[in-house]
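The values are calculated or read from the model by the stated rules, or taken from the named source; none is laboratory data. These figures come from a predicted structure and were not determined experimentally. In this analysis, Cβ positions are derived from the backbone assuming ideal geometry, glycine residues included, and neighbour counts consider all displayed protein chains. For the accessible areas, the whole protein counts, side chains as well, though only heavy atoms, and no ligand, DNA or RNA atoms are used. Shrake-Rupley method; radii C 1.70, N 1.55, O 1.52, S 1.80 Å.
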Amino acid sequence: MKKIIAGNWKQNGKHKTSIQLVKNIITGTKKNKCKHEIIIFPPSIYLSSLQSIVNKSDVKIGAQNVSAFNDGAFTGEISSSMLKDTKIQYCLVGHSERRHVFNESPDMLFEKVIRLFENNIKVIYCIGETLEQFKNKKTKSILNAQVKKIFNKLKIKSTNIIIAYEPVWAIGTGLVPSDKDLIDAFKYIRNTINKFNPAYKSIKILYGGSVSPENANSLMKTPHMDGLLIGGASLNAKKFIDICSTI
Ligand code: 13P
């Protein structure tokens, strides 16, 4: 099965460096015959420009964020219909920085998912526990609540959603969960989703948090892991291409 390798650039880069980075990724992954699906999430101001560059390649462009509202008086926001208009096919929802830095509530994230589905944009729905929750052995109950928030009320087409498990304490810290903790978490997420509908077994689950060319291969041996969501290492063409080529 095709894996997904996604690069979340966050709030980094300039227009010129972003164009160069995406061009390098297109050429490098083609040269190395990367067999996986590659999705890049640049800052929103560069979406349109980068979308025109990836047009004829296998690399796809996604948005890091979207408004919870339809078009209207919402200064500073970008709607899901604008993403659709720009031919963007994917959008992140629920990233830990949106949840914890911008205090986006579960209800707001739910609305974002609905707006994206209305516009046929695939959702990469991020879930994960904080360090304190991890230390207090709350990981499973947190994952359960975050998954249920979306799956309880919505009828979802399996191909329209991807889950990304990103423990908050592993993001940008150089820390990754132990093999045992990762195996447990992935098994738990898989079982929780499958309980809603047997068809959901085809929903892909990614891992994110301090992924590097050094640990990507062994992380990907985790059962039920269908790909990676990469932050820091996706800003470096060589590291990102190395990760795409080694798994
Ligand atoms: P890092 O790979 O920098 O830890 O970031 C992970 C992440 O937040 C991807 O969305």
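Extension gain for Thr75 to Ile19 (0.36 nm times residue separation, less C-alpha to C-alpha distance): 17.4 nm. Note on Phe196: accessible area is roughly 70 Å² with a 1.4 Å probe, heavy atoms of protein only.
Name the trypsin sites (Lys or Arg not before Pro) in the range 1-58 that are in a loop by DSSP and that have at most 14 other C-beta atoms within 10 Å, would you?
Lys2, Lys14, Lys33, Lys35, Lys56
Residues Thr17, Thr75 ordered from highest to lowest accessible area at a 1.4 Å probe: Thr75, Thr17. In the chain, the calculated helix contribution to ellipticity at 222 nm averages -11500 deg cm²/dmol per residue, counting -39,500 (n - 2.57) for every DSSP H run with n ≥ 4. Pairs Lys3/Lys221; Lys84/Lys157; Lys31/Lys157: which exceed 23 Å Cα-Cα? Check vs 23 Å cut-off fails for Lys31/Lys157. With the simple spin-label model, which puts each label point 7 Å out from Cα in the Cβ direction, the Asn194 to Val101 separation comes to 3.6 nm. Isolated cysteines of the chain, defined as having no other cysteine beta carbon under 4.7 Å away, are Cys91, Cys126.
Find the Cα radius of gyration of the chain, compare it with 2.2 N^0.38 Å by division, and give the number to two decimals.
The reported ratio for this selection is 0.95.
A Förster distance of 51 Å, applied to the separation of the beta-carbon atoms of Asp85 and Ile183, puts the FRET efficiency at 0.75. Sorting Asp107, Asp85, Asp242 by accessible area puts them as Asp85, Asp107, Asp242; the probe is 1.4 Å, largest comes first, and only protein heavy atoms count. Whole-Hz Karplus values for the range 76-86 come out as x, 9, 10, 8, 5, 6, 5, 4, 4, 4, 8 Hz, taken residue by residue from phi with 6.51 cos²θ - 1.76 cosθ + 1.60 and θ = phi - 60°; glycine and proline positions read x. Put a plus charge on the Cβ of each Lys and Arg, a minus charge on the Cβ of each Asp and Glu, and nothing anywhere else: the dipole of the chain about its Cα centre is then about 720 debye. Taken along the Cα-to-beta-carbon direction at a fixed 7 Å, the label points for Ser212 and Met1 span 2.9 nm.
Lys35 to Lys148: extension gain in nm, 0.36 nm per residue of separation minus the Cα-Cα distance?
Gain on stretching Lys35 to Lys148: 37.5 nm.
Suppose we flag GluC sites (Glu not before Pro) only when DSSP calls them loop and at most 15 other Cβ atoms lie within 10 Å. Which is the longest uninterrupted stretch of the chain? Looking at the chain, 78-213 is the longest stretch - no exposed GluC sites (Glu not before Pro) with at most 15 other Cβ atoms within 10 Å.
If you wrap the range 107-247 in the convex hull of its Cα atoms and look at it from every side, the mean projected area works out to 8.6 nm².
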